[in-house]
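The structure appears right after this line, and notes come after that.
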Amino acid sequence: MDRRGLLKSFLALRDKYGDVFTVYLGCRPVVVLCGPEAVKEALVKKAEEFSGRGPIAMVDSVFQGQGITFANDHTWKTLRQFSLATLWDFGMGKRSIEERTQEEAQCLVEELQKSQEKVQEEIDQVIGKNRSPELKDRAQMPYTDAVIHEIQRFSDLLPMSIPHCVTQDTSFRGYLIPKGTEVYPLLSTVLHDPKYFEKPYDFDPNHFLDAQGSLKKSEAFIPFSSGKRVCLGEGIARMELFLFLTTILQNFSLRSSMVPASIDLTPRESGVGTVPPIYQLQFLPR
Ligand code: HEM
């Protein structure tokens, strides 16, 4: 195992052992789930059993099992209900992940260059230059929506989601997983599944467009995970990504000072997340 590249190590083990296997991280067994079938079977079909939150050593000393993301059992259920009911009133957002997605979006500038002009065409047609983008515009902007979907798919910000654990003894695909066992659903393997995405490691908005140019939803598009622990901020995050990207591209064209071929777009692993590589970007007023 490469401790600085867990995802890569897991992917190599998947090649050898298939979509469901156990790895010992130190003395802790962790069940790893790969591909849309196994991940959905666990998080959606056996939602209750797989709804526990597993530990992350780095943050546990700070959160100590408190707060909606790291709580379990009754505390989590109460916090989740409360947060769902009040999130809109507070209008709060989890800045860091969205900022990273935004950075990633900009980092993809060279790839976006091809898409950028088409997005700007759509912006000019639907929104124009004299008012700010509004959420209702999204329904009329399938190409822009597809670009945002593809940015989220390609940037793969939480490739292993946030660790889960089983809340009870659970039988799964012929195995018995004892209560409390940690489970890592590899969202990355779902977002890169070749059955759903023709060129899984390329940036191509066509992954989310049908022959008529309408938005094509994909059941393998789960950057916010799935099931009972699904990201609580999905609606807010998607709304903000649309408004940020359209506002930026309404007012600026993005250019890189580097030769396109020399830019390595591969997201870098960092802890349980990925971060965009460092890059320089020019904002040219339109
Ligand atoms: C691009 C932005 C975002 C992405 C890609 C993202 C992704 C995720 C993922 C993969 C999880 C783990 C789900 C699981 O355990 O199966 C998660 C959990 C969570 N997210 Fe987000 N998220 C984003 C933005 C937000 C925002 C804006 C908020 C709040 C307004 C938010 C609040 C939460 C909370 C509270 C949880 C924990 C839910 C629970 O444990 O019950 N996220 N997110």
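Within the stretch 173-221, restricting attention to residues that are closer than 11 Å to PRO36 by Cβ and of a type in the set (A, V, I, L, M, F, W, C), the residue that is surrounded by the fewest Cβ atoms within 10 Å (Cβ to Cβ) is PHE221. For the stretch 65-83, the set of residues classified as over 23 Å from PRO29 (Cβ atoms) and exposed (fewer than 13 other Cβ atoms within 10 Å of the Cβ) consists of GLN66, HIS74, THR78, GLN81, PHE82, listed by residue number.
Starting from residues that are acidic (Asp, Glu) and under 29 Å from ARG286 (Cβ atoms), keep the ones in the stretch 224-276 and report whichever is nearest to the ligand (Cβ to nearest atom). Here the residue is GLU240.
For every residue, the table says whether it meets (1) in contact with a Cys (Cβ under 8 Å, 6 or more places away or on another chain); (2) β-branched (Val, Ile, Thr); (3) closer than 24 Å to ILE56 by Cα.
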position	(1), (2), (3)
PRO142	no, no, no
ILE162	no, yes, yes
GLY174	no, no, no
GLU182	yes, no, yes
LEU187	no, no, yes
LYS199	no, no, no
ASP202	no, no, no
LEU209	no, no, no
SER218	no, no, no
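Every test in (1) in contact with a Leu (Cβ under 9 Å, 6 or more places away or on another chain); (2) away from the ligand (no atom under 16 Å from the Cβ); (3) under 26 Å from GLN125 (Cβ atoms) is passed by PRO200 save one, and that test is (3). Is it the case that PHE208 is within 23 Å of LEU135 (Cβ to Cβ) and near the ligand (Cβ under 7 Å from one of its atoms)? When the stated conditions are applied, PHE208 does not pass them. The residue list ASP204, ASP137 contains one member that is more than 15 Å from the chain's Cα centre (by Cα), farther than 25 Å from GLY54 by Cβ and either aromatic (Phe, Trp, Tyr) or at pLDDT below 95 (or both), which is ASP204. Looking at GLU48, GLU41, GLU37, just one residue is surrounded by fewer than 20 Cβ atoms within 10 Å (Cβ to Cβ), in a loop (DSSP other than H, G, I, E, B) and of a type in the set (Asp, Glu), and that residue is GLU48. Would you confirm, using the coordinates I've provided, whether PHE244 is touching an Asp or Glu at 6+ places or on another chain (Cβ under 6 Å) and either surrounded by fewer than 19 Cβ atoms within 10 Å (Cβ to Cβ) or within 18 Å of ASP156 (Cβ to Cβ) (or both)? When the stated conditions are applied, PHE244 does not pass them.
Evaluation of LEU186 against the conditions (1) over 17 Å from VAL30 (Cα atoms); (2) away from the ligand (no atom under 11 Å from the Cβ) shows that the sole unmet condition is (1).
The values are calculated or read from the model by the stated rules, or taken from the named source; none is laboratory data. Note that the structure is predicted; figures quoted are calculated from it, not measured. Backbone-built Cβ (ideal geometry, glycine too); neighbour counts: all protein chains shown.
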